[in-house]
Amino acid sequence: MLIRTLLLIVVALCSGLSATARAVSQVDIYHFDSTEQRERYNSLIEEFRCPKCLNINIAGSDAPIARDLRRTVHKLVVVDGMTDQQVRDFLQARYGDFVLYDPPFNARTWLVWVMPFVLAVVALGVLFFFARNKRGGKTLDAASQDRLRALLNRQQS
Amino acid sequence: MSRLSLFIPLGVFLLILLVGYLGFSLDKRNELPSALLGNSFPTFDAADLFAPQTRVTREDIVGRPALVNVWATWCPTCKAEHEELMRIASISDVYLVGLNYKDDRHLALQWLADYGNPYDRVIVDPDGSLGVELGVYGAPETFLLNGAGEVVYKRVGDVNRRIWDDEIAPRLAHMGMTVAHQASGGEVLGHAD
């Protein structure tokens, strides 16, 4: 009885696994004129961010829009014979900077680009401030040193 | 001086709070700004849903303020949105264009027969290629065009009563459109929501 139950569980697990395997292995089948074209396609789809899924490129996403964009990139490369930069411009014109993992420096993105340098300057400023304070605390001016000596002498006598 | 520097950690902490607050409250991750905003609606050539032989182009829909609504029968949010589109069609004279997105033609016709057709024109995009031209990445999405055919507003997600009242109706009114028919106002508004 126990063995039969176990067997059933194993069978159920296996069929579940094969179903997942089938779902995952659903790949696009595209024709390319040359290996160079295929390599360009493959590197381009790695480059674009899927608009629907926030942090996956269109090569790695199973979202319908990612599939559409892969098909679009294939068409642009193979049928329209676009250069890599033309493909980037094409997608950027339609989906905005969001699809580029390497966003350009412009009015909307400057803060993101500039912020690390601003923070570095602030950090250096804070460091400098503390360093100077420490050094200033250690040295006494001439008048204070005289007072200190007088105090110490009085203590000793 | 040294007493003042004791407040630096507090200042840093408040700065982190501020950045966190701005980061989380301003984050509209589901609403990508449309690259089309402020630009001319692209040219296209699509089939009419009701008459597949008829081609519809950009010239057929521009020339007056229009709402272009991307919808599909496989999209649950579109179902929720449909009632509001019916209401909009009845109270305003804005030109409503439906873009049936990656859908089955028969299901789409059945949908409009079952739930009513708010659209003045329905065009089809069976494989999503027109969607790519428009920067569409899901459904529903809605574009508001001015009379010159420029995209002045885009909504990602459903057009609901709040979006109509706050975002779309004021813009249409600004273009000189009627956004609420006086005579039918009472009875039409009665059953909404």
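The values are calculated or read from the model by the stated rules, or taken from the named source; none is laboratory data. The model shown is predicted, which means the values in this text are computed figures rather than measured ones. All Cβ positions, even for glycine, are placed from backbone atoms using ideal geometry, and neighbour counts span all protein chains on display.
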Pair list, Cβ under 6 Å, 6 or more apart: the stretch A:46-63 residue more than 14 Å from every other protein chain (Cβ to nearest Cβ), other residue in a loop (DSSP other than H, G, I, E, B): A:GLU46/A:ALA59
Single unsatisfied condition, B:GLN53 versus (1) surrounded by 12 or more Cβ atoms within 10 Å (Cβ to Cβ); (2) part of a loop (DSSP other than H, G, I, E, B); (3) not aliphatic (A, V, I, L, M): (1)
Identify, please: which residue in the stretch B:126-181 is in contact with a Ser or Thr (Cβ under 6 Å, 6 or more places away or on another chain) and among the hydrophobic types (A, V, I, L, M, F, W, C) and is, among those, nearest to the other protein chains (Cβ to nearest Cβ)? B:VAL132
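Here's the yes/no breakdown for (1) crowded, with 21+ Cβ neighbours inside 10 Å; (2) under 20 Å from B:LEU85 (Cβ atoms):
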{"site": "B:ASP103", "(1), (2)": "yes, yes"}
{"site": "B:HIS106", "(1), (2)": "no, no"}
{"site": "B:LEU109", "(1), (2)": "no, yes"}
{"site": "B:LEU112", "(1), (2)": "no, yes"}
{"site": "B:ASN117", "(1), (2)": "no, yes"}
{"site": "B:LEU130", "(1), (2)": "no, yes"}
{"site": "B:VAL136", "(1), (2)": "yes, yes"}
{"site": "B:ALA139", "(1), (2)": "yes, yes"}
{"site": "B:LEU144", "(1), (2)": "yes, yes"}
Answer yes or no: is there a residue in the stretch B:85-93 that is closer than 30 Å to A:LEU100 by Cα, surrounded by 17 or more Cβ atoms within 10 Å (Cβ to Cβ) and at pLDDT below 95. no
Determine if the stretch B:69-87 includes at least one residue that is within 14 Å of the chain's Cα centre (by Cα) and assigned to a loop (DSSP other than H, G, I, E, B). yes
Which condition does B:GLU84 not pass, out of (1) in contact with a Lys or Arg (Cβ under 7 Å, 6 or more places away or on another chain); (2) closer than 25 Å to B:PRO42 by Cβ, if it passes all the others? (2)
